[in-house]
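The values are calculated or read from the model by the stated rules, or taken from the named source; none is laboratory data. Remember, predicted model here, so these are calculated numbers, not experimental data. Neighbour counts run over all protein chains shown; Cβ positions are idealised from the backbone, glycine included. Areas reflect the complete protein model, heavy atoms only, side chains present, ligands, DNA and RNA absent. Shrake-Rupley method; radii C 1.70, N 1.55, O 1.52, S 1.80 Å.
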Amino acid sequence: MEIIKAINGVFWGWLIAGILLSCGIFYTIRLGFPQVRYFTQLVPNLWKASRDSSGVSAFGALCSAIGSEVGAGSLVGVATALASGGPGAIFWMWITAILGMPIMFGEAVLAQIFRVKNEDGTTFRGGPAYYMRRGLNAKVLPVLFSISVILGNGVVYCMVQSNSIAGSFSGQAALPPLAIGAVLVMLVGLVIFGGIKRLSTVASYIVPFMAFAYIILALIVLVTHAEWIADMLRLIIESAFGVQQAAGGVLGYTVQEAFRYGVARGLFSNDAGAGTTPSMHAAANVKHPVNQGLSGMLGVFVTTIIVCSCTAFCILLSGALNGQLTGIQLTQAAFSSSFGDLGYWLVAAAMFLFGYTTLLANMYYGEVNTRYLFPDKKYAVTAYRIFALCLILFGSIVPVVSMWEFADLFGALMVLFNVIALFRLSKYVAFALKDYQEQKKVSDTPMWDYDADIVERYRSRGQ
């Protein structure tokens, strides 16, 4: 484990964070600040993006993507970032989200452009492995990426989610973690064997409810601690730049720690640049790739700027950040300061719903990449599903600290492989956005010809 920590220290010290933020700056400039220009269109876009009623809707794909993002990263990851990097880590989470929005835009657009149709004829699959192969004509890179996703999301992240869910309940009640893991296996199995359409349907019902309920709870905490909000915001900013090196002058966090954990947990919360949620965005049956790109930006904003901030504010206002608690226990302690013992159960319920939808998505990401590696082996997907369900059960009893280290490692590898493709394929993202803008001048509903070869279209325009 010390070796893994050392590797993560190199990756997440400055390397991955620098690469990720550089990619965000690059896409922000190349696309003309889309997170600003199209911000007011993010929500209205949802209601007019879907092409027809077949396949997965834009809203369903977005809910599935948000369901994968609003999981342990939003409750456990934020608490871990605060415990390890201090209040300043939240500022760097915000920066990661702001620069992550155009990255997610690019990922979603590329996933749409280079996706392939499933055997049922109505649904699609795609993601980085597919746009690496079809867009770059690469062979080794998509294989390395797929292996990283299967091991990261399909193995480690599944274990992180089940461990966090089990920990949230076992910490308050005498419920054996193994029993909670068994319930999760049953509930996940019921959905994942139904394919992407069943997953998106379930997410469309659960995600809006759980996000809205969690935000309401956080607002109650903010209202009851209103007089401390200004001081809290000042502490976050000062800690991010080393002006205030400690929470309350006691905990000695450095700028590097705030940066490292803020960016790492920010990435874990919204997946921008990691290349996982593009697989979900590829499934959406929308009129134009840019429609799903806008949905991708909305997902990042909701996940990190809204939900993660809710968790961070509640922890900082509660005074629970004392160096003794971390993970889900820190989040529960924060909510219990406002809601008493009920706070523990509220966080446990939120963790269950958040973690459940994330488990579904993580298994789907592993499945998509398994199908890439073994396109002609139908049994491979079934074998993967069974294996992942076993890992969910096993993950409920594994120490969470070791899991987070592996999560950071595979997250770094996914970023490394994916960013290479994002830089090299940015011309197609810019081309799709230009096409959308040109059509917008004459029509409110730009349409994309998904049957045309994007490479040939790009060349025919003299690009």
Considering Leu360, Leu353, which residue is within 25 Å of Gly60 (Cβ to Cβ), open to solvent by 20 Å² or more (accessible area, probe 1.4 Å), touching a helix residue (DSSP H, G or I) at 6+ places or on another chain (Cβ under 8 Å) and not basic (Lys, Arg)? Leu353
Across segment 267-308, what is the total count of residues that are open to solvent by 10 Å² or more (accessible area, probe 1.4 Å), modelled with pLDDT of 85 or more, within 17 Å of the chain's Cα centre (by Cα) and not aliphatic (A, V, I, L, M)? 1
Tally of residues being open to solvent by 10 Å² or more (accessible area, probe 1.4 Å), farther than 16 Å from Lys197 by Cα and either part of a helix (DSSP H, G or I) or in contact (Cβ under 8 Å) with a residue 24 or more places away in the chain (or both) across segment 116-137: 5
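Can you confirm whether Ile386 is at pLDDT 90 or above and either in contact with a Leu (Cβ under 8 Å, 6 or more places away or on another chain) or crowded, with 18+ Cβ neighbours inside 10 Å (or both)?
It is false that Ile386 is at pLDDT 90 or above and either in contact with a Leu (Cβ under 8 Å, 6 or more places away or on another chain) or crowded, with 18+ Cβ neighbours inside 10 Å (or both).
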In segment 439-463, which residues are aliphatic (A, V, I, L, M) and under 18 Å from Gln292 (Cα atoms)? Met447, Ile454
Of the criteria (1) of a type in the set (Ser, Thr, Tyr); (2) surrounded by 24 or more Cβ atoms within 10 Å (Cβ to Cβ); (3) modelled with pLDDT under 80; (4) under 30 Å from Asn285 (Cα atoms), which one Ser57 fails: (2)
Within segment 452-460, is even one residue at pLDDT 90 or above and either buried (at least 16 other Cβ atoms within 10 Å of the Cβ) or closer than 18 Å to Ile150 by Cα (or both)? no
If I go through segment 154-167 residue by residue, how many of them are of a type in the set (Ser, Thr, Tyr) and open to solvent by less than 10 Å² (accessible area, probe 1.4 Å)? 2
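Out of Leu110, Leu141, Leu151, Leu175, which single residue is in contact with a Phe, Trp or Tyr (Cβ under 8 Å, 6 or more places away or on another chain), touching a residue at least 24 places away in the same chain (Cβ under 8 Å) and open to solvent by 50 Å² or more (accessible area, probe 1.4 Å)? Spell out how you get there, then give the answer.
Working: Leu110 fails: open to solvent by 50 Å² or more (accessible area, probe 1.4 Å); Leu141 fails: open to solvent by 50 Å² or more (accessible area, probe 1.4 Å); Leu175 fails: touching a residue at least 24 places away in the same chain (Cβ under 8 Å).
Result: Leu151 is the single residue among Leu110, Leu141, Leu151, Leu175 that is in contact with a Phe, Trp or Tyr (Cβ under 8 Å, 6 or more places away or on another chain), touching a residue at least 24 places away in the same chain (Cβ under 8 Å) and open to solvent by 50 Å² or more (accessible area, probe 1.4 Å).
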Please identify the pairs in which a residue from segment 418-442 that is among the β-branched types (Val, Ile, Thr) has its Cβ atom under 8 Å from the Cβ atom of a residue that is open to solvent by less than 10 Å² (accessible area, probe 1.4 Å) and part of a helix (DSSP H, G or I), counting only partners at least 6 apart or on another chain. Val419/Leu20; Val419/Cys23; Val429/Tyr27; Val429/Phe105; Val429/Gly106; Val429/Val109; Val429/Leu110; Val429/Gly293
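Would you please name the residue that is most open to solvent (accessible area, probe 1.4 Å), looking only at residues in segment 363-383 that are without any contact (Cβ under 8 Å) to a residue 60 or more places away in the chain and aliphatic (A, V, I, L, M)?
Ala383
Sort through Val140, Val149, Val183 and tell me the only one that's modelled with pLDDT of 80 or more, of a type outside the set (D, E, K, R), closer than 16 Å to Glu367 by Cβ and out of contact with any strand residue (DSSP E or B) (no Cβ under 7 Å at 6 or more places or on another chain).
Of the residues listed, the single one that is modelled with pLDDT of 80 or more, of a type outside the set (D, E, K, R), closer than 16 Å to Glu367 by Cβ and out of contact with any strand residue (DSSP E or B) (no Cβ under 7 Å at 6 or more places or on another chain) is Val149.
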Quick one: in segment 443-463, which of the residues that are part of a helix (DSSP H, G or I) and in contact (Cβ under 8 Å) with a residue 24 or more places away in the chain is farthest from Ala274 (Cα to Cα)? Arg457
Can you pull out the residues in segment 183-205 that are among the hydrophobic types (A, V, I, L, M, F, W, C), part of a helix (DSSP H, G or I), surrounded by fewer than 17 Cβ atoms within 10 Å (Cβ to Cβ) and in contact (Cβ under 8 Å) with a residue 40 or more places away in the chain? Leu187
When you go through Glu257, Glu238 one by one, which is the residue that is of a type outside the set (Gly, Ala, Ser), at pLDDT 75 or above and open to solvent by 50 Å² or more (accessible area, probe 1.4 Å)? Glu238
